[in-house]
Structures are given as structure tokens and as C-alpha cells.
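What follows is a short report on a single structure.
The values are calculated or read from the model by the stated rules, or taken from the named source; none is laboratory data. Bear in mind that the values here come from a model prediction, so they are computed numbers and not experimental data. Note that we place each Cβ from the backbone using ideal geometry, even for glycine, and neighbour counts take in every protein chain shown.
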Amino acid sequence: MKYRYLYLISILILVNACSNDTNTDDSILVETKENEEPVEIPNNPSNTNLEQYIQRFVDEAAARNIEIEFGSINFTFTDNLDFACGTGNSTNRLVRISTRPECWVERTDIEREILMFHEIGHARLGRLHDNTKLPNGDFKTLMFDGNQFRLYTENTPEKRAYYIDELLDPNTPKPSWASAKLNPTIIFNDSINGKDTNWDYSGFGDSNHSSEISSTHFSSPGSSLKISATAHSDFSFWGFTFSPEEIAQGSRLTMEVDIRLDNVTGEGVFIAMRGDSEDGMVFFETTQLTKTIAGTFPFTKYTLELPYYIEKAKILNLFLIMGGNSTGTAYFDDIVITKYD
Ligand SMILES: [Zn+2]
């Protein structure tokens, strides 16, 4: 099963925060993979690529008894958007989509749909940005100002249905899946109290990282999982894989870990959760982009939030990671996964 770890870290970096939001200018943030060279588009995508999404929008509206004429939406690709992936202008009902690869060529069908529907929301429906949240923490509308690309996926059809409903009718009632998730159930609890742990340590390439089940330092008796790094190298991690009892779609999950660090430099350590189905990865959540865990401190509780569980994931992988450009020593203890319904 180790091969699975090869796609452990899908590092996404938000490279552009933009938008001074004057009514219709758009602001979709751009994600690029770290260290990735810009990809050249062999031939600029043609406007026919956009047509199918205009038609899809017309069809979605028709299915909701709202008549939108195909010809009432103008659209074009442009090389002239530096920050946004698209704009929607309600004055001339024009949608413009950037030819930059991270805005279109490298996007999935659903991501392209989200971008197009958001811009059509500006251009044809006159919608403005709205960052209101639903009770569970999700955005109320596809028209939020930020990175919309992952608002819904093929694994969350209930979200897609709602967000298109809401796009066409902002008075759409709150969906049932958006209720606040407050009822906790602990589904995993490991206090690492012996040498017979079921956690596996994995490193790559060189040997600048090492691991140990430490009985010297612990948050609860009598052990913890230790990683030491003496020099920069590839990242390494402790991993644990299990099949949880059924977890409902939309449940909130938290992963709590007590972490002690001694002189940890660089990007530090991070904790992560990955859900897999038979077809591969369904979700991946990490503290890597949201909080830096580095330095020296006694055992301290850190929490990773997974706001919306995808029930297609039948296997849960937990990771305690020392970053590749880090040095120092980390101890991990008392790993608890809590489900909130
Ligand atoms: Zn916008």
C-alpha cells in the first residue's frame, strides 16, 4: 500500500489574491502546484470550448423553469487577465475567460463549469459578490469572492444542485446538508502507549530523517511518535490507515494531535488526513497551508478541520509529517479523530 503515499502531498498554493471588487470584476483566485513550470498552451482554446458551458447554464435554468436565451450571453477567451481567471460584465453581458492554463486547460469539467457559472452570474444575472456563510461554514452562494474552483465536485452533487438553485434564485432556502455540525463522536483515539504501535514510518530517498517510538517524551503515558531531521531532504511521516464506521456525507471531522517540538526549523511539521475510495483519493486536508508548526515548545494540541466529509471515502489515512526543508525533532501523541453530525 505504500505506493499510495506517492500522492500524499498535493501542495496547492494560492498565488494570487486579487479583486478590488468593483461590481462585476471577478476575483477567482488561481491555484498552481508548487515548483511547477508554467505550461504552454499549444493552441489557444477556442470559444467553442466555452459554448457547452453556456448551453449547460441555459439547460440548468430551463430545468428550473427559468428561460435564458443562449444568445443573451456573450463570451470570449482573453490573454489580458493578469489576476482573475474570468470576468463577467453585466453591462454588455460579456463573460471573459483567461487563456492561462491554470484557468482553463488544466481544469476539470466541473471546475470550468463553476468558473463559467460564476461569471455568468455577474454577466447575465447581475449578481454581485456575496461572502455570506451557511451554518456549517460553507459559502451561501457560488458568487462568493475567492477561489470558487472547489466549491463542489463530482462527489458532492447535492452541493452542485443547491448552488445552481441559489445562483438562479438567491432566496433559495438553506439546504439540509448545511446545518451546523455540533454533535461529536470520537471515531479514533490513539495515545501511543507502547512499542507495538500500528503506525508506519515512511521516508524517501536520503537518510537525513529518522524515526523512533519515544518513551522519553510523551503527552500521555508512556510513548510518542518521534521524527528527527538533521538536514534538508525529502519529507517523512508517520502514517496510519483504517476503515472508519460509516460516516455520513457532510459530517465534519477534526484531527487533534499533541505535538512537542525541539528546534524545528523551516516549514516545520504538519498533520493531514486523506480519504480514499476504491478509485483513489477523494479528499486531502492538511495544516500545511493554514498554520506553520515550527520552533520549540512543550506538548500542544493542534487541530486539523475537515469541514465536509465525502462518504465515498471508505479508507481514512492519517499523517504526521516532518517537512523536507525542516530540521529538528518532533514528537506526536494522543491522536484523536472526532466526527460531528
Ligand atoms: Zn466574481
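With region 197-281 as the region, which strands (runs of 3 or more DSSP E) entirely inside it contain at least 2 residues that are free of Cβ contacts under 8 Å to residues at least 24 places away in the same chain and not acidic (Asp, Glu)?
On the way: elements: 200-203, 209-214, 224-229, 236-242, 252-277.
Filter on region 197-281 gives 209-214.
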In region 114-138, residue surrounded by the most Cβ atoms within 10 Å (Cβ to Cβ) [restricted to those that are more than 12 Å from the ligand (Cβ to nearest atom) and more than 20 Å from Ile97 (Cα to Cα)]: Asp138
Filtered residues of region 105-127 (kept if assigned to a loop (DSSP other than H, G, I, E, B), closer than 18 Å to Asp169 by Cβ and touching a residue at least 40 places away in the same chain (Cβ under 8 Å)): Arg124, Leu125, Arg127
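Just one of Leu81, Leu151 is touching a Ser or Thr at 6+ places or on another chain (Cβ under 7 Å), of a type in the set (A, V, I, L, M, F, W, C) and either buried (at least 17 other Cβ atoms within 10 Å of the Cβ) or not assigned by TED's automatic domain parsing to the domain that holds Glu51 (or both); which is it?
Details: Leu151 fails: touching a Ser or Thr at 6+ places or on another chain (Cβ under 7 Å).
Just one listed residue meets the conditions, Leu81.
Yes/no per residue for (1) of a type in the set (D, E, K, R); (2) within 22 Å of His129 (Cα to Cα); (3) at pLDDT 90 or above:
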residue	(1), (2), (3)
Ile68	no, yes, yes
Phe75	no, yes, yes
Arg96	yes, yes, yes
Pro101	no, no, no
From the options Phe218, Phe235, Phe204, Phe283, residue that is farther than 22 Å from Glu305 by Cβ, modelled with pLDDT under 95 and among the aromatic types (Phe, Trp, Tyr): Phe204
Name the residue, out of Val105, Val58, Val95, that is within 16 Å of the ligand (Cβ to nearest atom), among the β-branched types (Val, Ile, Thr) and crowded, with 16+ Cβ neighbours inside 10 Å. Val95
Restricting to region 139-148, give me the number of residues that are over 16 Å from Pro307 (Cα atoms) and surrounded by fewer than 21 Cβ atoms within 10 Å (Cβ to Cβ). 4
For Thr87, indicate whether it is touching a residue at least 24 places away in the same chain (Cβ under 8 Å) and more than 15 Å from the ligand (Cβ to nearest atom). no
Could you tell me which numbered condition Phe299 fails, if it satisfies all but one of (1) surrounded by 22 or more Cβ atoms within 10 Å (Cβ to Cβ); (2) of a type in the set (Phe, Trp, Tyr); (3) in contact with a Ser or Thr (Cβ under 6 Å, 6 or more places away or on another chain); (4) in a strand (DSSP E or B)? (1)
Tell me which of these Gly71 doesn't satisfy, since it passes every other one: (1) under 17 Å from Val58 (Cβ atoms); (2) within 16 Å of the ligand (Cβ to nearest atom). (2)
